[in-house]
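The values are calculated or read from the model by the stated rules, or taken from the named source; none is laboratory data. Being a predicted model, the structure only gives us computed values, none of them experimental. Positions of Cβ are generated from backbone atoms using ideal geometry, with glycine treated the same way; all protein chains shown enter the neighbour counts.
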Amino acid sequence: MSKQPFLINPPNLSNEKSLKTLVENRTVYTLNQCELNIFETYQSSSLVPLKFNDFVITSMLKGKKTMHLFDDPAFDYLPGETVIIPSNVEMKIDFPEASEKKPTQCLALAIDKSKITDTLNFLNEHYPKEFHNEYWNLDYQNYYFYNNADLATTMNKLLKECMSPSITKDALADLTLQELLIRIIQTQNLHALDKGMIIQSNNLIFEITEFIKLNLKENINLKSLSEKACMSNVSFYRFFKRELGMSPIEYILNEKIKHAKKLLRNPELQINEVCYLVGFEDANYFTRLFKKYEGITPKQYQMLHVN
């Protein structure tokens, strides 16, 4: 998967005359089962406290924050990234670069507890996991991750619906909230796999993705993965896409590109060699695919990242 986060389209900044404060000026859009908050900061500040009574999904839109959350080390929070926060957990925020010319903008979507419970119950009832001891759940320990394309698209859609004057916005937002929660769980699963946070024992998705990573040079296809998982092609495809939000083939291509980026940091490797080592036979196809994912050719990437 590309390590470039996908951005959410920021709304227009507040009119200067409507600002009530220069630090975390808040604009609120209230719906039946969620509350969208847009925060803007126009001056440098430190350790600004913020807490919500509900579960909150936050995403940076403009500028930079430094987050102090739980007992973990502080981290920079940038556009294209998302942080989820349980109810009644206080965060403290630094704004090291905020100014009138360079304001920060961040959304915070507070979701009613009943909506989360109803969505998880619906998923566990109608789309149960393959194993009886596994359930759909939000992972509150896995709280900070990059937006992928699907997550950013869903957030953009919800942002538009929350700010809409339409009388049907509550109904549309309700449907999109369910989609957003699914996208977050899938994104958390991907992030957990990348960071080694998945419990390895008896975890089928871990076993399959590790097999893919260890055999990138081989001709891995849906049939071979389905057989390894002891499932039919159709059942395995549904299982994989439900868990990670992408098809097995999409995941394989993502892993090939990720491994190629590591290899390209070695100046002694030629592009054709890298192509072979990540399991492609056609260097032209590899170059086109790499550019599609990363925006530049393998050779350009190598020139930029070789020490």
Quiz item: In the range 260-282, which residues are of a type in the set (Gly, Ala, Ser) and in a loop (DSSP other than H, G, I, E, B)?
Solution: Gly279
Quiz item: Looking only at the range 70-104, which residues are of a type in the set (A, V, I, L, M, F, W, C), within 21 Å of Asn147 (Cα to Cα) and outside any loop (DSSP other than H, G, I, E, B)?
Solution: Phe75, Val83, Ile84, Ile85, Met91, Ile93
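If I filter the range 218-239 for residues that are in a helix (DSSP H, G or I), crowded, with 17+ Cβ neighbours inside 10 Å, touching a residue at least 24 places away in the same chain (Cβ under 8 Å) and of a type in the set (A, V, I, L, M), do I get at least one hit? Spell out how you get there, then give the answer.
First, the residues of the range 218-239 that are in a helix (DSSP H, G or I): 222-228, 233-239.
Then drop every residue that is not crowded, with 17+ Cβ neighbours inside 10 Å, which leaves 225-226, 236-237, 239.
Subset that is touching a residue at least 24 places away in the same chain (Cβ under 8 Å): 239.
Remaining after also requiring of a type in the set (A, V, I, L, M): none.
Within the range 218-239 (the criterion being in a helix (DSSP H, G or I), crowded, with 17+ Cβ neighbours inside 10 Å, touching a residue at least 24 places away in the same chain (Cβ under 8 Å) and of a type in the set (A, V, I, L, M)), the answer is no, since none of the residues qualifies.
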Exercise. Would you point out which residue out of Glu16, Glu40, Glu100 is surrounded by fewer than 17 Cβ atoms within 10 Å (Cβ to Cβ), over 30 Å from Asp118 (Cα atoms), in contact (Cβ under 8 Å) with a residue 40 or more places away in the chain and not aliphatic (A, V, I, L, M)?
Key: Glu100
Quiz item: Hey, any hits in the range 84-102 for a residue that's closer than 16 Å to Pro10 by Cα and touching a Ser or Thr at 6+ places or on another chain (Cβ under 7 Å)?
Solution: no
Quiz prompt | Residue, farthest from Ile116 (Cα to Cα), within the range 126-170, restricted to residues that are among the hydroxyl-bearing types (Ser, Thr, Tyr) and buried (at least 18 other Cβ atoms within 10 Å of the Cβ) | solution = Tyr146
Quiz prompt | Restricting the range 43-69 to residues that are in a loop (DSSP other than H, G, I, E, B) and polar (S, T, N, Q), the residue that is nearest to Ser114 (Cα to Cα) | solution = Asn53
Quiz item: Which is out of contact with any Ser or Thr (no Cβ under 9 Å at 6 or more places or on another chain) and of a type outside the set (Lys, Arg), of Val23, Val28, Val48?
Solution: Val28
Quiz prompt | Some residue of the range 53-61 being more than 17 Å from the chain's Cα centre (by Cα) and more than 30 Å from Ser247 (Cβ to Cβ) | solution = yes
Quiz item: Could you count how many residues in the range 103-119 are out of contact with any strand residue (DSSP E or B) (no Cβ under 8 Å at 6 or more places or on another chain) and buried (at least 18 other Cβ atoms within 10 Å of the Cβ)?
Solution: 1
Quiz item: Failed condition for Glu97, given (1) within 22 Å of the chain's Cα centre (by Cα); (2) more than 20 Å from Arg183 (Cα to Cα), with all others met?
Solution: (1)
Exercise. Being free of Cβ contacts under 8 Å to residues at least 12 places away in the same chain and of a type in the set (Ser, Thr, Tyr) is the filter here, so list the residues in the range 154-180 that pass it.
Key: Ser164, Ser166, Thr168
Quiz prompt | Sole residue being in contact (Cβ under 8 Å) with a residue 12 or more places away in the chain, among the acidic types (Asp, Glu) and farther than 22 Å from Lys157 by Cα, chosen from Asp112, Asp139 | solution = Asp139
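Checking the structure you have, find out if any residue of the range 105-123 is of a type outside the set (D, E, K, R), assigned by TED's automatic domain parsing to the domain that holds Lys51 and part of a loop (DSSP other than H, G, I, E, B). Talk me through it step by step, then tell me what you get.
Narrowing the range 105-123 to residues of a type outside the set (D, E, K, R): 105-111, 114, 116-117, 119-123.
Add one more test, that the residue is assigned by TED's automatic domain parsing to the domain that holds Lys51, and what stays is 105-111, 114, 116-117, 119-123.
Those left that are additionally part of a loop (DSSP other than H, G, I, E, B): none.
No, that holds for no residue.
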